[in-house]
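The values are calculated or read from the model by the stated rules, or taken from the named source; none is laboratory data. Remember, it's a predicted structure, so these values are computed and weren't measured experimentally. Cβ coordinates were reconstructed from backbone atoms using ideal geometry, including for glycine residues, and neighbour counts include every protein chain displayed.
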Amino acid sequence: MSLTTVPGITFASTLVPDTATNGSYNAASVDNPLTVTNPGYATGYTVDVQNTPFNNSDATATAGDGKVLSGAVLNLPAPAAAAANEGNPSTGPVTSAVTLSGDNTNQVVETASANGGLGVWNSPYTASGINLTVPAGQEPGSYTSTLTWTLGNTVA
């Protein structure tokens, strides 16, 4: 069983969260679907995701003053899971919307029940569905958060 692809998410480079009001930004692009390949393990599975804080790559940023995008929340919708091949008789996985706050806490995004999720399953995210909310009063910069996707061969 494997995670064949995971999405890479990019936001517009002109994103500047130094405004008088809170910001809400949709992703500019998503490069891959979430794809699980299960060659026949009947245990079921879960896919979790977590993220690191949004850190500023600007070396002149100081702690508490633009080093981290404080209070930023990344919202991922529940993608529609679909078998990669027509006629797959296996019960498909169930997907969930998640909210990631940069605290490295695992959130379950996909679950296949026992005897389900067999074969290859694609769960594509759309850029317009992914949203980053940012509280006002942030220092402009180039912020990055690392998403870590984990596949487990048991049902949560």
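Overview of values
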| quantity | calculated |
| --- | --- |
| Cross-chain or 6+ apart pairs with Cβ under 9 Å, region 65-77 first and more than 12 Å from residue 133 (Cβ to Cβ) and surrounded by fewer than 19 Cβ atoms within 10 Å (Cβ to Cβ), then modelled with pLDDT of 95 or more and among the small types (Gly, Ala, Ser) | 77/97; 77/129 |
| Given (1) at pLDDT 95 or above; (2) of a type outside the set (Gly, Ala, Ser); (3) surrounded by 16 or more Cβ atoms within 10 Å (Cβ to Cβ); (4) not in a strand (DSSP E or B), index of the condition residue 91 fails | (3) |
| Only one of 53, 77, 89, 135 that is more than 15 Å from residue 3 (Cα to Cα), in contact with a helix residue (DSSP H, G or I) (Cβ under 7 Å, 6 or more places away or on another chain) and not small (Gly, Ala, Ser) | 77 |
| Residues within region 2-50 that are modelled with pLDDT of 95 or more, among the hydrophobic types (A, V, I, L, M, F, W, C) and either over 17 Å from residue 123 (Cβ atoms) or in a loop (DSSP other than H, G, I, E, B) (or both), tallied | 3 |
| Pair list, Cβ under 9 Å, 6 or more apart: region 35-56 residue in contact (Cβ under 8 Å) with a residue 12 or more places away in the chain and crowded, with 18+ Cβ neighbours inside 10 Å, other residue among the charged types (D, E, K, R) and in a strand (DSSP E or B) | 36/110; 45/110; 46/110; 47/110; 48/110 |
